[in-house]
Amino acid sequence: MKGDPLSNQEVHDLPEYDNPPVTEVVCGILFQPLDQFLLPYVGLLWNEFREDYPICKEVTPLFPIIENPGGTQPSEQQINASMTQPRIWFIQKDQTGLIQIQRDRFLYNWRKTKITDEYPRYANVSAKFRYYLQIFNHFLNEHDVQSVVPLQYEMTYVNQVRRNEGWATFEDIGKVFPDFAYRSDVPRFISSVEDFNWRTSFHLPDGNGRLHVIIRNASSQVNNLDELVLELTVRGMEHDDSTESMNAWFDMAHKVIVRSFADLTSDEIQRTIWRRRN
């Protein structure tokens with residue numbers, strides 16, 4: 001690695017790119033299950049977002065995973081409470097914005113659905129997350145539903161590197177991710193790489209959670225081309241659940257993800273393909 005991406009030192013000038021490969025950003029909060037948040041409330045809540053998020057969809061609930069020093073297994077009580085109601089998607093008109101509601105969590109996604117969609121940057125995504133979460137909290141208070149008691153925050157960045165953007169075959173993975181190199185220049189018994197999925201995790205400083213990294217191959221939903229996917233997820237929480245601490249945690253998580261992205265990818269592709277500015 002080029003350095004410690006999880007250093008306690010405050011970082012003020014994060015790497016920036018003219019053409020970043022970001023295709024999705026998720027900001028979310030996991031909280032104590034809202035047993036009183038019954039399905040009829042979902043329709044009422046939709047009215048708060050419907051003008052800009054006119055599409056509604058039911059999907060499978062997300063499994064609660066809580067970071068802790070001993071592992072990542074959730075308790076049976078949390079599993080049972082969160083599985084009794086579907087996860088609801090409120091989708092923006094242009095499909096790029098997505099609000100997700102579940103009895104034990106609230107998430108906001110920005111998604112790249114067309115090649116021409118531009119990443120709106122962290123400040124805009126996090127501001128929308130905070131704004132919509134505030135609306136959700138106000139709705140719960142207005143209807144005398146339980147208040148949100150945070151258990152954990154989460155942030156995910158999904159990056160997609162298309163074929164011919166610095167690499168041509170899966171054996172070229174070292175050109176994108178220099179920590180991983182396939183020895184294609186020597187005689188090999190096994191055939192060429194067909195599929196891969198690498199994952200690991202790192203502790204965050206001060207016990208604020210973990211960074212989870214997944215590198216895998218996939219087929220793009222935008223243009224069906226082969227691609228390499230780098231998924232960076234930070235989960236954890238500050239030592240108190242105040243709004244100020246939540247905002248500070250997301251700023252910290254963003255710095256961890258940006259620094260880790262630069263640490264895991266090659267200098268050459270950062271300069272030539274993504275056009276790193278600093």
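Scanning the range 203-244 for residues that are surrounded by fewer than 22 Cβ atoms within 10 Å (Cβ to Cβ) and among the basic types (Lys, Arg) turns up Arg210, Arg216. Condition test on Lys128, is it of a type in the set (Lys, Arg) and either surrounded by fewer than 13 Cβ atoms within 10 Å (Cβ to Cβ) or in a strand (DSSP E or B) (or both)? Considered against the rule, which asks whether it is of a type in the set (Lys, Arg) and either surrounded by fewer than 13 Cβ atoms within 10 Å (Cβ to Cβ) or in a strand (DSSP E or B) (or both), Lys128 comes out as no. In the range 94-116, the qualifying residues are those that are charged (D, E, K, R) and touching a strand residue (DSSP E or B) at 6+ places or on another chain (Cβ under 7 Å), and the one that is surrounded by the most Cβ atoms within 10 Å (Cβ to Cβ) is Asp104.
Only one entry of Asn197, Asn224, Asn278 meets the criterion of being at pLDDT 85 or above, farther than 29 Å from Gln152 by Cβ and out of contact with any His (no Cβ under 6 Å at 6 or more places or on another chain), and that entry is Asn278.
Annotation note: of Asn247, Asn278, the sole residue that is surrounded by fewer than 19 Cβ atoms within 10 Å (Cβ to Cβ) and part of a loop (DSSP other than H, G, I, E, B) is Asn278. When Tyr153, Tyr131, Tyr122 are checked against the criterion of being hydroxyl-bearing (Ser, Thr, Tyr) and touching a Phe, Trp or Tyr at 6+ places or on another chain (Cβ under 8 Å), Tyr153 stands alone in meeting it. Does Pro33 fit the bill of being over 19 Å from the mean Cα position of the chain (by Cα), under 28 Å from Met237 (Cα atoms), modelled with pLDDT under 95 and surrounded by 16 or more Cβ atoms within 10 Å (Cβ to Cβ)? Yes; evaluated as a whole, the condition is true for this residue. Within the range 226-260, the set of residues being hydrophobic (A, V, I, L, M, F, W, C) and within 13 Å of the chain's Cα centre (by Cα) comprises Val229, Leu230, Leu232, Val234, Phe250, Ala253, Val256, Ile257, Val258.
The values are calculated or read from the model by the stated rules, or taken from the named source; none is laboratory data. Predicted model only: the values in this text are computed from it and were never measured. All Cβ positions, even for glycine, are placed from backbone atoms using ideal geometry, and neighbour counts span all protein chains on display.
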